[in-house]
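Read the structure below first, then the notes.
The values are calculated or read from the model by the stated rules, or taken from the named source; none is laboratory data. Since this is a predicted model, take the numbers as computed values, not measurements. Cβ atoms come from the backbone with ideal geometry, glycine included; neighbour counts cover every protein chain shown. With ligands, DNA and RNA removed, areas are computed over all heavy atoms of the protein, side chains included. Shrake-Rupley method; radii C 1.70, N 1.55, O 1.52, S 1.80 Å.
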Amino acid sequence: MSLVLRNLQRAIPLRRVPLRQRMEAVRSILGVQKFDLGIICVDNKSIQHINRIYREKNIPTDVLSFPFHENLKAGEIPQPDFPDDYNLGDIFLGVEYIFQQCKENEDYYDILTVTATHGLCHLLGFTHSTEATWQQMYQKEKQVLEELGRRTGAKLHPLSRDLF
């Protein structure tokens with residue numbers, strides 16, 4: 001199915017092709033390429049507004065995920081009964097925030113990829129609210145990013161590596 005990648009911000013220049021290519025590969029690695037996925041790139045003001053509404057945190061953030069299928073167990077692939085249910089959900093990337101958090105030696109598109117992968121793992125039921133669930137999510141992100149690295153040559157590390 002389709003990957004819809006929208007850029008709704010003008011704060012940071014964004015080339016969608018590199019992110020699209022990498023996220024198509026991530027979808028393949030995770031075995032979810034038959035599902036629709038939305039990735040929406042927004043600025044700090046927009047991500048802060050969404051964060052305030054849905055998480056009651058009035059600050060910008062890097063990624064917010066909104067799953068189509070709720071209550072999945074970590075890593076569970078949805079089993080839809082209807083064609084319209086082949087949807088994973090939407091990932092909002094705070095690209096301005098991500099850009100501001102990038103260190104000098106980090107590639108912006110690498111960090112976007114890592115952040116979007118983190119968001120996609122959330123859509124598949126992974127969380128990091130406890131050390132045990134964080135460990136599961138970290139291992140999945142690490143496995144996916146290592147495989148992506150083998151395919152692309154990029155050296156990518158999980159977003160959640162320093163949570164616990």
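If a residue must be of a type in the set (Ser, Thr, Tyr) and either open to solvent by 30 Å² or more (accessible area, probe 1.4 Å) or more than 19 Å from residue 156 (Cβ to Cβ) (or both), how many such residues does region 109-133 contain?
So the answer is 5.
Please verify whether region 61-68 includes one or more residues that are in contact with a His (Cβ under 7 Å, 6 or more places away or on another chain), surrounded by 18 or more Cβ atoms within 10 Å (Cβ to Cβ) and of a type in the set (Gly, Ala, Ser).
yes
Residues are listed down the side, and each one gets a yes or a no for (1) touching a Gly at 6+ places or on another chain (Cβ under 7 Å); (2) on the phi > 0 side of the Ramachandran plot; (3) basic (Lys, Arg):
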{"residue": "62", "(1), (2), (3)": "yes, no, no"}
{"residue": "68", "(1), (2), (3)": "yes, no, no"}
{"residue": "72", "(1), (2), (3)": "yes, no, no"}
{"residue": "97", "(1), (2), (3)": "no, no, no"}
{"residue": "103", "(1), (2), (3)": "no, no, yes"}
{"residue": "108", "(1), (2), (3)": "no, no, no"}
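Could you check residue 143 against (1) touching a helix residue (DSSP H, G or I) at 6+ places or on another chain (Cβ under 7 Å); (2) at pLDDT 95 or above; (3) over 20 Å from residue 41 (Cβ atoms) and say which number it fails?
For residue 143, the failing item is (1).
Restricting the search to region 41-60, which residues are hydrophobic (A, V, I, L, M, F, W, C) and either in contact (Cβ under 8 Å) with a residue 60 or more places away in the chain or open to solvent by 20 Å² or more (accessible area, probe 1.4 Å) (or both)?
Answer for region 41-60, where residues must be hydrophobic (A, V, I, L, M, F, W, C) and either in contact (Cβ under 8 Å) with a residue 60 or more places away in the chain or open to solvent by 20 Å² or more (accessible area, probe 1.4 Å) (or both): 50, 53, 59.
Take residue 10 and tell me if it is open to solvent by 30 Å² or more (accessible area, probe 1.4 Å) and either without any contact (Cβ under 8 Å) to a residue 60 or more places away in the chain or in contact with a strand residue (DSSP E or B) (Cβ under 6 Å, 6 or more places away or on another chain) (or both).
yes
Could you check region 92-107 and list, in sequence order, the residues that are in contact with a Phe, Trp or Tyr (Cβ under 8 Å, 6 or more places away or on another chain), open to solvent by less than 70 Å² (accessible area, probe 1.4 Å) and at pLDDT 95 or above?
92, 98
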